[in-house]
Amino acid sequence: MAFNIYDFTSFTQSIDEALYEWLPPFWALIVEMTIIGLVFLIGYAIIGLFLVYAERKVCAFMQNRVGPNRVGPYGIFQTIADFIKLLMKELVYIKNSDKLLFNIAPFIVIIASFMAIAAIPFAKGLHAIDFDIGIMYVIAVTSLGVVGVLLAGWSSNNKYSLIGAMRSGAQIISYELSVGLSLLTIIVLAGTMQFSEVVELQSSGWFIFKGHIPACIAFVIFLIASTAETNRGPFDLAEAESELTAGFHTEYSGIKFAFFFLAEYMNMFIVASIAATVFLGGWMPFHIGSWEGFNYVMDFIPPLFWYFGKTAFIIWLMMWFKWTFPRLRIDQLLNLEWKYLLPINLVNILIMAFIVLMGWHF
Amino acid sequence: MTSNQFMFLLFSAVIVIFSILTVTSRRILRAATFLLFVLVSTAGLYFLLKYNYLAAIQLTLYAGGIVVLIIFSILLTSHISEKLPTAGLLKKWPAALVALVGAALCIVVILQYNFPGSVVDTEVVNVRDIGNSLISYGEKGYALPFEVISVLLLAALIGAIVLAKKRKD
Amino acid sequence: MKEIINLPVRSIEEEEYHINMGPQHPSTHGVLRLVVTLQGETVMKVQPHCGYIHRGIEKMCEKDTYQQIIHLTDRMDYLSAHINNHAVCLLVEGALEVEVPERVKYIRTIVDELNRIASHQLWWCSFGMDLGGLTCFFYGLRDREHILDIFEESFGSRLLHSYYAPGGLMQDIHPNFQKRTKDFIKYFRKKIKDYDNILSGNVIFENRSQGIGVMSKEEAINYGVCGPSGRASGWECDIRKKYPYAMYDKVDFREVLSDKGDTYARYMVRIDEMRESMKIIEQLIDNIPEGDYSVKMKPIIKLPPGEYYQRVESARGELGIYCISDGNKTPVRMKFRTPSFVNLGVLDKLSRNMKIADLVAIGASLDLVIPDIDR
Amino acid sequence: MNSFYTYFADIFRGLKSLLIGMSVTGRYFFSPGQIVTQQYPENRKTLKMFDRFKGDLMMPHDTNNQHRCTGCGICETNCPNGSIEVISDRIELPDGKKKRIIDKHIYHLSMCTFCNLCVKTCPSDALAWDQTFEHAVFDRSKLTKILNKPGSSIIKDIE
């Protein structure tokens, strides 16, 4: 098996070929799917645990305090301890709730985020599936998560949960538009929706630099809208704790609450990786046009490092938003979307199309 | 059994089971949720056929859009304790009849068609082609329907705004 | 067309529903229960239900001597404990016509103002938290810690001090008191800029608070809304200016007023009051005269028979104490006119037809302390 | 045109205010030296409470196991919460006079509100504050303390 840290294509291909050699095609596919599923599951858990820890540390430093420091050195095992606690907690069943929907809601949320992660390229040749409509697929799949939130809020038979679910529904439905349109701006520039091609196209410079101001505006809008879509930061109205106690997951406990919790962080990760891939070149190193020497040096840094570095930066930005701003009110939230983000976005696409037509982009 | 067949059977089973559950469930939100599963499985079938674009549209519009709107409106209007009444015999028999006739029609049509063996490998439909044919006005062009639908949607939008606008008096 | 409009529709009452905000709810800062009638997310009516932390302080006062009453008043509005104590001390001293030494007046004024700053800091951070900016909470508490350290060094406790006694103080201030206070003022003048940067000027905060819960001057007077909340509506109700006590008639400070009357005005008035308080402290801290920290009082204080009323400006507004004495060592009746209780009354008026998120903001801007409501 | 201008002016003003807010948190994020959190159980050795801190009532005893309490009960009457109980005996001195001495000075920490009245009103300065603050115990009865040590007596010259 050829293993190359800069290009995983041969590595994954050799695994694929070996499996098909040893096994009949049906079982080879099953084994391959299982391996990919397990890898994602483990990665999911690790990333989730790490993000929870990172969030707590980042917010602690922004709030001028130390953060978790009891379990393990610098508190690195804190999230594991939390997770064990959540696992062992009693699952509270509520009287007069719709038990079936109450139970499947967290799974819908987590499956939606799980489906989205499949299309994201982590490095060259390291992605589960490479659709020709990758970006669209991700937008489609992430829009399913809201169903889980709505079901959770309704089936809890709790007024706070219901209000939280309503808010979340209105919020996600409207902000999906901005997410889609801001990505569309880059699709206009790139001319493709396939993630691998999008990344390859950025080998001569990231889209945020290539696309002039419209790309920057699209990036900012994407950051705002995706923060809203993941129910985070100043847009956490669905779980606004000072108004609705815990919003749609008020009645959830134990592992089911952990699912919501994990899904929130994974959605953040997915959104950040999309932003990193589409705007900041994904695993592509930092290249400047025709500076051969500079590009050569940058190529020595492995793509996984680039990918996770960019994603971490965007996640950090989103945490920075969350721990600085007060929360918006629901009507202001919709105002922001319909009065500011959407019109600007539409004009932005026009400008971008114009730039692409005139060939002004790099 | 190839993996494609297996996945096809899996998706079909999901579609059939949840379709029946959708129409038999007495709780309206459960019915909507089962409908979601049906639509997602349909998208899965499209993916199996490598109609990726159609599958993504199915997910975005039907699963992510329409079902969410249905659920949203159920949230606004109904309470958790509400249960739909079971239909009486007077309604059940005609419904069963209609369903049987429909099923028979479908089965007859499917049986009569002799499927030619797939000669060419299924080709991924390029998004660029779809886009081009959507706005071309030549042969196989959909520019006119596209524009008509746009006008229709615009009218619907304006109508919605007029309806939602508060009366001044 | 007309018939369609006049069709019988479901009445508004049917679409209303109630939620209980409290007694356990993150935004009520205690055990206040608000029964909120909602229509969608719009607040139709707010009914406060008090009494979840009622301890019968007024009744307990009837069996306590005047020295002992002091420690009970700490526990009403625990965020301005010194100021509550001050009211009782002034009442007793006024009834007995005792003149306290200058040094006591200076120290009481400084400590009162420090307490006011500490209270406003806690208000600021919980206000930020109620609007969803959790970081504010930690900045406010961090700065408040400095004042609590000053208090702890001089008076031995951080929250409930019982430091004033009728006729003076329990003990003299610590030798470090002046230096520490001056250090704090220097420190806080820098940190209060953070407050402005992170919350006051923020566009989200401005939109959340401007034009929300507008209270006119007439309403403020009618409802008796006092303190910073009343002054935000343009009502000059500062007891320190109108009925000066301690050193307030000798120091130079501005009564912070605003004519907007909305949540943002209430916010800005409190922020400016912190600056004014620092100005008062700066004028006094270097000039504390030498002298005794207390006059000699009888071990058992008996007020002459009669009725007494004493008011002070606590961090939340006018705190009035009404006392009937029959000449014994305990009062016959003690009645506290606590600012939070009066300010709570206007909550329903202000938050009608607002969103549920505005209710939280308005409640926070009135700066309610629940033990002060229930006593 | 004017509304067009204000539309964009609003956007930029809003963005600027958000950036100012972010600069505050960002500054703290990059200067962890400003963290003021006390690492409590670790700093127990170096943690020093202020001299006047009212942690726990105590009765100072000197090296001869002698205290200054006469058992007069003024602290008991002055305590607003009944957290002090003074149990005193009357003993007959050799010269025939009767004298009150203290048997048990009971202090209920669980009822104390640290109002300082007992310490202030004690005519013989027999009470003082201790600076301990870790009062948590598993059994409530442990919060009831007897302040005078066993076998202690009163210092001679106090009357």
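The values are calculated or read from the model by the stated rules, or taken from the named source; none is laboratory data. No experiment lies behind these values; they were computed from the predicted model shown. Here the Cβ is made from the backbone with ideal geometry for all residues, glycine too, and neighbour counts use every protein chain on show. Just the protein is used for accessible areas: all its heavy atoms, side chains included, with ligands, DNA and RNA removed. Shrake-Rupley method; radii C 1.70, N 1.55, O 1.52, S 1.80 Å.
Yes or no: segment A:142-151 includes at least one residue that is within 13 Å of chain B (Cβ to nearest Cβ), open to solvent by 20 Å² or more (accessible area, probe 1.4 Å), without any contact (Cβ under 8 Å) to a residue 60 or more places away in the chain and within 30 Å of residue A:335 (Cβ to Cβ). Break it down into steps so the answer makes sense when it comes.
We begin by selecting, within segment A:142-151, every residue within 13 Å of chain B (Cβ to nearest Cβ); these are A:142-151.
Adding the requirement that they be open to solvent by 20 Å² or more (accessible area, probe 1.4 Å) leaves A:142.
Restricting the remaining residues to those that are without any contact (Cβ under 8 Å) to a residue 60 or more places away in the chain gives none.
No, because not a single residue in segment A:142-151 is within 13 Å of chain B (Cβ to nearest Cβ), open to solvent by 20 Å² or more (accessible area, probe 1.4 Å), without any contact (Cβ under 8 Å) to a residue 60 or more places away in the chain and within 30 Å of residue A:335 (Cβ to Cβ).
Provide a single number: the residues in segment A:340-359 that are modelled with pLDDT under 85 and not hydrophobic (A, V, I, L, M, F, W, C). Qualifying residue count for the region: 1. With A:347, A:356 as the choices, which residue is among the β-branched types (Val, Ile, Thr) and surrounded by fewer than 16 Cβ atoms within 10 Å (Cβ to Cβ)? So the residue among A:347, A:356 that is among the β-branched types (Val, Ile, Thr) and surrounded by fewer than 16 Cβ atoms within 10 Å (Cβ to Cβ) is A:347. Taken together, the residues in segment C:99-143 that are over 14 Å from residue C:293 (Cβ atoms) and outside any helix (DSSP H, G or I) amount to 4. For first residues located in segment B:77-101 and among the polar types (S, T, N, Q), partners that are part of a loop (DSSP other than H, G, I, E, B) and lie 6+ apart or on another chain with Cβ distances below 7 Å form the pairs B:81/A:96; B:86/B:26. For residue D:11, the conditions (1) open to solvent by 80 Å² or more (accessible area, probe 1.4 Å); (2) more than 9 Å from chain C (Cβ to nearest Cβ); (3) closer than 22 Å to residue A:344 by Cβ all hold with the exception of (1).
Scanning segment D:47-73 for residues that are among the β-branched types (Val, Ile, Thr) and either touching a Leu at 6+ places or on another chain (Cβ under 7 Å) or open to solvent by 60 Å² or more (accessible area, probe 1.4 Å) (or both) yields a single hit, D:63. When we screen A:279, A:286 for residues that are crowded, with 17+ Cβ neighbours inside 10 Å, under 17 Å from the mean Cα position of the chain (by Cα) and away from chain C (no Cβ under 14 Å), the only hit is A:279.
Among helices (runs of 4 or more DSSP H) entirely within segment A:154-222, having at least 1 residues that are touching a strand residue (DSSP E or B) at 6+ places or on another chain (Cβ under 6 Å) singles out A:159-190. Restricting attention to segment C:130-173 and to residues that are basic (Lys, Arg) and within 14 Å of chain A (Cβ to nearest Cβ), the residue that is farthest from residue D:36 (Cα to Cα) turns out to be C:144. For segment C:334-349, the tally of residues that are over 28 Å from residue C:92 (Cβ atoms) and open to solvent by less than 10 Å² (accessible area, probe 1.4 Å) stands at 3. Among residues of segment C:122-149 that are touching a residue at least 24 places away in the same chain (Cβ under 8 Å) and at positive phi, none has a Cβ under 9 angstrom from a residue that is assigned to a loop (DSSP other than H, G, I, E, B) and buried (at least 21 other Cβ atoms within 10 Å of the Cβ) at a sequence gap of 6+ or on a separate chain. Of the strands (runs of 3 or more DSSP E) lying entirely inside segment D:40-159, those containing at least 2 residues that are more than 26 Å from residue C:297 (Cα to Cα) and among the charged types (D, E, K, R) are D:84-92, D:98-108. Within the span defined as segment A:80-92, every residue fails to be buried (at least 20 other Cβ atoms within 10 Å of the Cβ), away from chain C (no Cβ under 14 Å) and over 30 Å from residue A:193 (Cβ atoms). Residues that are modelled with pLDDT of 80 or more, touching a Ser or Thr at 6+ places or on another chain (Cβ under 7 Å), over 15 Å from residue A:133 (Cβ atoms) and not in a loop (DSSP other than H, G, I, E, B) do occur in segment B:36-51. When you look at residue A:264, is it within 12 Å of another protein chain (Cβ to nearest Cβ) and either within 30 Å of residue C:355 (Cβ to Cβ) or open to solvent by 10 Å² or more (accessible area, probe 1.4 Å) (or both), yes or no? Criteria not met by residue A:264.
Residue count for segment C:225-273, restricted to those that are among the charged types (D, E, K, R) and either closer than 20 Å to residue C:344 by Cα or touching a helix residue (DSSP H, G or I) at 6+ places or on another chain (Cβ under 7 Å) (or both): 11. One residue stands out in segment C:174-184 among those that are surrounded by fewer than 18 Cβ atoms within 10 Å (Cβ to Cβ) and not basic (Lys, Arg): the one that is nearest to the other protein chains (Cβ to nearest Cβ), namely C:176. Taken over segment A:110-129, the criterion of being open to solvent by 10 Å² or more (accessible area, probe 1.4 Å) and more than 11 Å from every other protein chain (Cβ to nearest Cβ) is satisfied by A:110, A:114, A:118, A:122, A:124, A:125, A:126, A:127, A:128.
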